[in-house]
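The values are calculated or read from the model by the stated rules, or taken from the named source; none is laboratory data. Remember, predicted model here, so these are calculated numbers, not experimental data. Here the Cβ positions follow ideal geometry from the backbone for every residue, glycine too, while neighbour counts run over all protein chains shown. Note: accessible area is taken over every heavy atom of the protein model, side chains too, but ligands, DNA and RNA are not part of it. Shrake-Rupley method; radii C 1.70, N 1.55, O 1.52, S 1.80 Å.
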Amino acid sequence: MQQQPTEPTRALEAVFRIESPRVVAAVARIVRDVGIAEELTQDALVAALEQWPRDGVPDNPGAWLMTTARHRAVDLVRRRENYARKLAEIGRSLRTTSVVEEPSAPDDIDDDLLRLVFTTCHPVLSAEARTALTLRLLGGLTTAEIARAYLVPEATIAQRIVRAKRTLATKNVAFEVPYGPDREARLGSVLDVIYLIFNEGYAATAGDDWLRPGLCEDALRLARLLAGLMPKEPEVHGLAALLEFQTSRAAARTAPDGTPILLRDQNRRRWNRLLIRRGVDALARADAAAAGAPGPYALQAAIAACHALAYTYEETDWSAIATLYGLLAARSPSPVVELNRAVAVSMAQGPAPALEIVDALAAEPALREYHLLPSVRGDLLARLGRTQE
């Protein structure tokens, strides 16, 4: 008979899922290696599994895990041959001789999380490796959970994570937040990874399920975390707004048997109005932080807002959506964006001008296997009465 988890064990599981990203980030600042930082955090978990059932759950379990892991990091650094150099680098943060109830500098923890985000999404890693490592260290998912989400063997995900940590170590990737042009370039990678995670949950590319809500929730949580850490970055708020709007429609996107429901036919009373309000607020923050023209994520969020704020399909402001897609196409040219613009133009101006846009995309190599191109073209031809074509 399987033994039921005890109360301390259940508490530890909940706390560890929430606190592990902050603990890993704080420890990584000390040891400068995310792989070692994760191992030390796991050591703290093992210590908690041994002590909490015997001594009871601490009043502040998150601080207990943080302190235990940091002490292990300090001990490791002190054992290294280059102790003196490392001690000089991290200075007074190593001189901890007693257990403290709270991390001494909460702002430092936030900075550490930001460093961890930029490290797990470093361009030296492949997109698959960045996604797996980000979900592992920042999303708090186990290797098995990531494997189930992406419908691949657990060993595959484990190898990706191991290789990613090894690459970061061998390439001597600095555990830091870049600044200037490097920061702008790296931020794009961070946002792309979070959006990639969300899209895989929102429109699964493999398996029998149309949606994987768990991945959407993890991506939205990461986007909210990043928005809290980087309040002055408009594209961070733009991505958060986009995911809030998209997630708000999740419950209405599929029928009870799992088949997809088109936007026109969705029951909008099932849309989550709280998430829509959060999206509106995040989009307002993106607009307030922007110094110039809105970025791609803010533009996509504005398009999503047009859908989310329409109480009926007929009330949708297609003219505004077509204009926004035009701005998005100018900012981030893409055949898919142009195809989406054609759909909006068809709704705002009629099928004829939209068909001209679609026909111009016929030779695009990127859309050769894209099923929505002939689908959109067929719909436009039908609306024009050209049924033979």
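What the table below lists for this structure:
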{"item": "Tally of residues being touching a Ser or Thr at 6+ places or on another chain (Cβ under 6 Å), open to solvent by less than 20 Å² (accessible area, probe 1.4 Å) and at pLDDT below 90 across region 121-163", "result": "4"}
{"item": "Residue, farthest from the chain's Cα centre (by Cα), within region 353-387, restricted to residues that are among the small types (G, A, S) and open to solvent by 50 Å² or more (accessible area, probe 1.4 Å)", "result": "G385"}
{"item": "Failed item, numbered, when A206 is tested on (1) in a loop (DSSP other than H, G, I, E, B); (2) hydrophobic (A, V, I, L, M, F, W, C); (3) at pLDDT 90 or above", "result": "(3)"}
{"item": "Candidate set from region 11-59 (those that are within 25 Å of V177 (Cβ to Cβ) and not in a helix (DSSP H, G or I)); member that is most open to solvent (accessible area, probe 1.4 Å)", "result": "R32"}
{"item": "Search result, residues across region 301-333 that are outside any loop (DSSP other than H, G, I, E, B), touching a Pro at 6+ places or on another chain (Cβ under 8 Å) and open to solvent by 30 Å² or more (accessible area, probe 1.4 Å)", "result": "L327, R331"}
{"item": "From L262, L222, L274, residue being aliphatic (A, V, I, L, M), at negative phi and touching a Gly at 6+ places or on another chain (Cβ under 7 Å)", "result": "L222"}
